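The values are calculated or read from the model by the stated rules, or taken from the named source; none is laboratory data. All of these numbers come straight from a predicted model, not from anything done at the bench. So basically every Cβ, Gly included, is an ideal-geometry build from the backbone, and we count neighbours across all protein chains shown. Ligands, DNA and RNA are stripped out before the accessible areas are found, and what is left, the full protein with its side chains, is counted by its heavy atoms. Shrake-Rupley method; radii C 1.70, N 1.55, O 1.52, S 1.80 Å.
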Amino acid sequence: MRIALVRHATLLIEFAGSRLLVDPMLDDAGSQPPIPDAADQSPNPLVDLPRPAESIVSGLDAVVISHLHPDHIDATAMRVLPRDVPVWAQEAQAPALTAQGLSASPLNEPATLGGATLTPAGGQHGPPELAREMGPVMGIVLDAPDEPTLYIAGDTVWCDEVEQTIDAHAPDVIVVNAGAAQFTGSPPITMDADQVLTLARHAPEAVVIAVHMEAVNHCVLTRAELRAAADAAGLGDRVIAPGDGEMLELTTG
């Protein structure tokens, strides 16, 4: 298995012979307005893509869109995604993608991609009072013979749904959307450093890959801060915060 962080929560994954794109945010830097009610009001994305959008969507076998917030599917992605490539999304959100010409289907039960199985997982986009406002989100678990089990948690805080997914699937690799995304005076709506470390302790055999940092204006946790917290907790060997464009190769065992 190979996982490349493109930027923010956008991932390119090579798994069991298939090439999967997750949550494509492909707009040029500064082309989106800032997310309101955040301390930093810089326009989004904060940084450029590491390579052209057209090359990112080349040779895909499938796309997963966890939810429809603009930092997970944007105008450029809508324009350049191939219309003949399967797109999986939440059941209530797939019709909006189909209306844009994408080959979208609901991922509400396990689905097959080549030799892999994709299983949807739940989460909470913040504490309960904020999660209701932010709307439903989706994680996925990928399983295949001779591959590490991969859990992509999506936009969620540490919650019962995440804990239950880890307990049910015993993933070898967990991708978490960190960044401690927040509004002025609000608690985080994605994982902060303490929650990432709580997750890592709950899955002591897993490698934890933290993304969703330094690309959108309301994400306040930096990679350096997370790495320092992981090192201080004795978890620096298992908690990884890759840079944009960085490729990780992971094997069973």
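Would a scan of segment 147-154 turn up a residue that is open to solvent by less than 60 Å² (accessible area, probe 1.4 Å), touching an Asp or Glu at 6+ places or on another chain (Cβ under 8 Å), in contact (Cβ under 8 Å) with a residue 24 or more places away in the chain and within 18 Å of Asp61 (Cα to Cα)? Yes.
So which residues in segment 172-198 are among the β-branched types (Val, Ile, Thr), within 27 Å of Glu147 (Cα to Cα) and out of contact with any strand residue (DSSP E or B) (no Cβ under 7 Å at 6 or more places or on another chain)? Of everything in segment 172-198, just one residue is among the β-branched types (Val, Ile, Thr), within 27 Å of Glu147 (Cα to Cα) and out of contact with any strand residue (DSSP E or B) (no Cβ under 7 Å at 6 or more places or on another chain), namely Thr198.
Would segment 159-168 turn up any residue that is modelled with pLDDT of 95 or more, within 30 Å of Asp40 (Cβ to Cβ), assigned to a loop (DSSP other than H, G, I, E, B) and under 17 Å from the mean Cα position of the chain (by Cα)? Spell out the reasoning first.
In the first step, residues of segment 159-168 are kept if they are modelled with pLDDT of 95 or more; the result is 159-168.
Pick out the ones that are also within 30 Å of Asp40 (Cβ to Cβ) and you get 159, 161-162.
From what is left, the residues that are assigned to a loop (DSSP other than H, G, I, E, B) are 159.
Imposing the further condition that a residue be under 17 Å from the mean Cα position of the chain (by Cα) reduces the set to 159.
Within segment 159-168, one or more residues are modelled with pLDDT of 95 or more, within 30 Å of Asp40 (Cβ to Cβ), assigned to a loop (DSSP other than H, G, I, E, B) and under 17 Å from the mean Cα position of the chain (by Cα).
Of everything in segment 128-143 that's at pLDDT 95 or above and open to solvent by 30 Å² or more (accessible area, probe 1.4 Å), which residue is nearest to Gln182 (Cα to Cα)? If we take residues in segment 128-143 being at pLDDT 95 or above and open to solvent by 30 Å² or more (accessible area, probe 1.4 Å), then Met134 is nearest to Gln182 (Cα to Cα). Listed by position, the helices (runs of 4 or more DSSP H) contained in segment 8-117 that have at least 1 residues being open to solvent by 60 Å² or more (accessible area, probe 1.4 Å), of a type in the set (Val, Ile, Thr) and on the phi < 0 side of the Ramachandran plot are 94-98.
Which condition number does Arg201 fail, the rest of (1) within 16 Å of Tyr151 (Cβ to Cβ); (2) of a type outside the set (Asp, Glu); (3) in a loop (DSSP other than H, G, I, E, B) being met? That leaves (3) as the condition not met. Could you check segment 57-72 and list, in sequence order, the residues that are in contact (Cβ under 8 Å) with a residue 40 or more places away in the chain, farther than 8 Å from Leu21 by Cβ and of a type in the set (Gly, Ala, Ser)? If the condition is that a residue be in contact (Cβ under 8 Å) with a residue 40 or more places away in the chain, farther than 8 Å from Leu21 by Cβ and of a type in the set (Gly, Ala, Ser), then Gly59, Ser66 are the ones that fit.
Out of the residues in segment 169-188 that are in contact with an Asp or Glu (Cβ under 6 Å, 6 or more places away or on another chain) and assigned to a loop (DSSP other than H, G, I, E, B), state the one that is surrounded by the fewest Cβ atoms within 10 Å (Cβ to Cβ). Before the answer, list the steps.
Quick first cut of segment 169-188, residues in contact with an Asp or Glu (Cβ under 6 Å, 6 or more places away or on another chain) only: 177, 180, 183-184.
Next, only the ones that are assigned to a loop (DSSP other than H, G, I, E, B) stay: 180, 183-184.
Values: Ala180: 24, Phe183: 16, Thr184: 9.
Among them, the one singled out is Thr184.
The set of residues in segment 189-240 being within 17 Å of the chain's Cα centre (by Cα), of a type outside the set (A, V, I, L, M, F, W, C), at negative phi and open to solvent by 30 Å² or more (accessible area, probe 1.4 Å) consists of Asp192, Gln195, Thr222.
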